[in-house]
Amino acid sequence: MAENAKHLLLVDDEAALREAIAERLADHGFIVEQAASGEDAMARLAEFAFDIIVTDMRLPGVDGRAVLEAALERYPEIIAIIITGFGTVKDAVNAIKQGAADFITKPFQFDALLHVLTSALEQRRLRSENAYLRSQLDDRYRIDGLVGRSRVMRDLAQLLETVAATSSTVLITGETGTGKELAARAIHHGSPRRANRFVAINCSAIPETLLEAELFGHVRGAFTGAVGTRQGRLEQAHKGTLFLDEVGTMSPALQSKLLRVLQEREFERVGDAHTIKIDVRVIAATHSDLGKMVADGTFREDLFYRLNVIPVQLPSLRERRDDIPLLVQHFLEKLGAEQVPRRHVTMSQDALRRLMAYPWPGNVRQLENVVERALAFSHGRTQIDVADLGPDIQNVPASPGDGNTWFPDEGMDLERYIEGVELTLIKRSLERTQGNKVQAARLLNLKRTTLIEKLKRLERGQPGVA
Ligand SMILES: Nc1ncnc2c1ncn2[C@@H]1O[C@H](COP(=O)(O)OP(=O)(O)OP(=O)(O)O)[C@@H](O)[C@H]1O
Ligand SMILES: [Mg+2]
C-alpha cells in the first residue's frame, strides 16, 4: 500500500455497480470501503476519517444529502463527490453549495469518475500546498526565531530536527519563557505534517469543566449550553500536531482520557457514543516537574511515560548567557523595525554586560520585554544605555568571572578587557566612598598605593605590568 494512499468511502445501494466501481478504484490505488446505505455510511464516518467520500444522492432511508452533511460537519477537509441521477442537476448544485467538491451524473463511465476524483485531489493538493507556503512565510520568522548559537542551543536545534522527522510524542520541559511553544512549532513545521494544522490548547487557561469538551468536542445537548455539535481541538489537529500546553494541570479524569488517545488513537465526543479514530501527533509541554508529580501521586505514571517518549529540555537563559548579545540584537531588529519611523538602535557594551549578568527568572520572554522597554526609554537616541534598563537590571553589578562571562565569537583582547574591568571597578569603589582612596582600596582588598598606581596606569591607558 502506498504511503499516501487515499481512504475512500463509497456509498451506493446498487450492489453490482458499487462492487464494480470499488474494484476499479482499488486498482487505481485507493483504499476503498463500501457502504450499502445511508445508515451504514454514517456509522463508518463516525469511526474513521476518510479522505474522500463518493456517495449516491438517492439512497433508501438516510439519503445522500444527510450523509454529505454529516461527512462535512465531522471532517471539513473531506473531499466529497456526489453521484446524481439524470435530470437532478438541482440536487448537485445544492450539494456543491453544501461543500461537495464535485458531482457526476448517472449513468457514467468509470473514467469520468476517475477524472472528477483526480482533479478534486489535485485541487486539494494545490490548496494545501498554498496553505503550506503561506504558513511557511507566516511562520518562518518563528522557526528561524529560535535564536541561539551557544552549545546547548546547537544541540537543541539538532535534536528538534531529528524529532521532527518522527511522529513520536514529545514532552517539552523548561522554565517559563524559555521557548517551549516556539520549539513545539519548530517541530511541527519541520515535520511531514507541516501541511496540516498545528493546534494548541493551554490546559491551564481553560476551566476544567470546559477543557474536556474543548479537547474532544461535544454533541448537541451534551451539557447545559451545548447548543450545537462541535469539533474538539483533537479532531481539528487530525493529521497534524496537537500541542498540549501546561499538561501538568490536567485533572485525573482527563489524564486517563488523554492516555486512551495516546494508546488507542481514538476517543468520543462529549455526549456521543461513537468512537472516532484519529491520526495526530502530540507534543506536550510543562514547566512543572512531572516526575515529581508522579512521585507525589498527582500525575499518572503511565501517562507520563506515554508523553515522555522523547524528552526535550529547554535550557534557561542563565545557562546560555553567551546567546544574550545575539538575542538582544534579534529583538532590537525586530522591535526597531516595528516602530514608525523605523529605528536602528544598538545596546551599549555596558548595558549588554548588565544584561549578561542578570539571572533572568523569566528567561527569553523577560529579555524581550526588557529590550522593548529600553527601546521606549531611549527615545530618539541610537544607543541604549544602562539608564534605560529597568531598575532590576541596573542594580545588578556587571561582574565578570562568574563562569558565565560573555566570550565573543570573534575573540577578544584579554588584557584590555581585564583592564577595562579593573578600571570600572576601581571607579565604582571610589564613587561609593566619595573618592576616599583608603576606603576604596579596602573595599577592593588592595593596598592604597596599589590602587593609586593602578588607577594612574589604567587612566593613561597603558598596557603594562600589574
Ligand atoms: N530561542 C529563542 N529565540 C528567539 N525568541 C525566543 C526564543 N525562545 C523564546 N523566544 C520568545 O520568547 C517568548 C516566550 O516564548 P514561548 O512562549 O515559546 O515560551 P514558553 O516556554 O512557552 O513560556 P511559558 O512557560 O511561560 O508558556 C516568545 O515571544 C518567543 O518568541
Ligand atoms: Mg508556553
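The values are calculated or read from the model by the stated rules, or taken from the named source; none is laboratory data. Given the structure is predicted, the values throughout are model-derived calculations rather than measurements. Heads up, the Cβs are rebuilt from the backbone with ideal geometry, glycines too, and the neighbour counts pull from every protein chain shown. Just so you know, the surface numbers come from the protein's heavy atoms only, side chains and all, with ligands and any DNA or RNA stripped out. Shrake-Rupley method; radii C 1.70, N 1.55, O 1.52, S 1.80 Å.
On C-alpha positions alone, give me the angle between the axis of helix 180-189 and the longest principal axis of the chain, in degrees, nearest 10.
Rounded to the nearest ten degrees, it is 50.
For TYR75, TYR417, give me the order by solvent-accessible area with a 1.4 Å probe, most accessible first, ignoring ligands, DNA and RNA.
Result of the area sort, largest leading: TYR417, TYR75.
Which FRET efficiency value, to the nearest 0.05, is calculated for THR346 and ARG373 with the Förster distance at 22 angstrom and r the Cβ-Cβ distance?
0.85
Roughly how much of THR298 is accessible, in Å² to the nearest 10, using a 1.4 Å probe?
80
Using the heavy atoms of the protein chains alone and a 1.4 angstrom probe, what is the accessible area of the chain per residue in square angstrom?
That works out to 53 Å² per residue.
Relative to the longest principal Cα axis of the chain, at what angle does helix 324-338 sit, 0 to 90 degrees, rounded to 10?
Once rounded, the angle reads 60 degrees.
Show which lysines lie in cross-link reach of LYS97 when reach means a straight Cα distance below 16 angstrom and same-chain residues fewer than eight apart are skipped.
Excluding near neighbours in sequence, the set is empty.
Please work out how much length the chain gains when fully extended from SER256 to ASN4, using 0.36 nm per residue of separation minus the C-alpha to C-alpha distance, in nm with one decimal.
Contour length minus the Cα-Cα distance gives 87.6 nm.
Nearest 500 deg cm²/dmol is fine: what mean residue ellipticity at 222 nm does the chain get from its DSSP H runs of n ≥ 4 alone, each adding -39,500 (n - 2.57), divided by its residue count?
Calculated from helices alone, the mean residue ellipticity at 222 nm is -15000 deg cm²/dmol.
If LEU25, LEU121 are ordered by their accessible area, calculated over protein heavy atoms with a 1.4 Å probe, which sequence runs from highest to lowest?
Descending accessible area places them as LEU121, LEU25.
When Lys and Arg each count +1 and Asp and Glu each count -1, what net charge do the other residues less than 13 Å away from ALA226, Cβ to Cβ, add up to?
For residues surrounding ALA226, the net value is 0.
Dividing the Cα radius of gyration by the Kirkwood radius, what Rg/Rh value follows for the stretch 222-357?
1.15
Quick one: pull the percent of accessible area on the chain belonging to carbon and sulfur, 1.4 Å probe, ligands and nucleic acids left out.
Solvent-exposed carbon and sulfur of the chain make up 51 percent of the total.
What is the sum of charges around LYS334, taking Lys and Arg as +1, Asp and Glu as -1, for the other residues whose C-beta is under 10 Å from the C-beta of LYS334?
-4
How tilted is helix 38-47 with respect to the longest principal axis of the chain? Cα atoms for both, answer in degrees (0 to 90, nearest 10).
That helix lies at roughly 20 degrees to the long axis.
Given the Cα-Cα distance of MET412 and VAL152 and 0.36 nm per residue of separation, how much length would full extension add, in nm?
Here the segment from MET412 to VAL152 would lengthen by 91.4 nm.
Given the whole protein assembly as supplied and a 1.4 Å probe, what does the accessible area of SER429 come to in Å², nearest 10?
10
Could you calculate the contour length gain from VAL89 to PHE48, that is, 0.36 nm times the residue separation minus the distance between their Cα atoms, to one decimal place in nm?
Gain on stretching VAL89 to PHE48: 11.8 nm.
Grab the other residues whose beta carbon is less than 14 angstrom from that of THR382, score K and R as +1, D and E as -1, and report the net.
0
Can you give the FRET efficiency to the nearest 0.05 for ASP63 and GLN339, using r as the Cβ-Cβ distance and R₀ = 60 Å?
Calculated transfer efficiency: 0.50.
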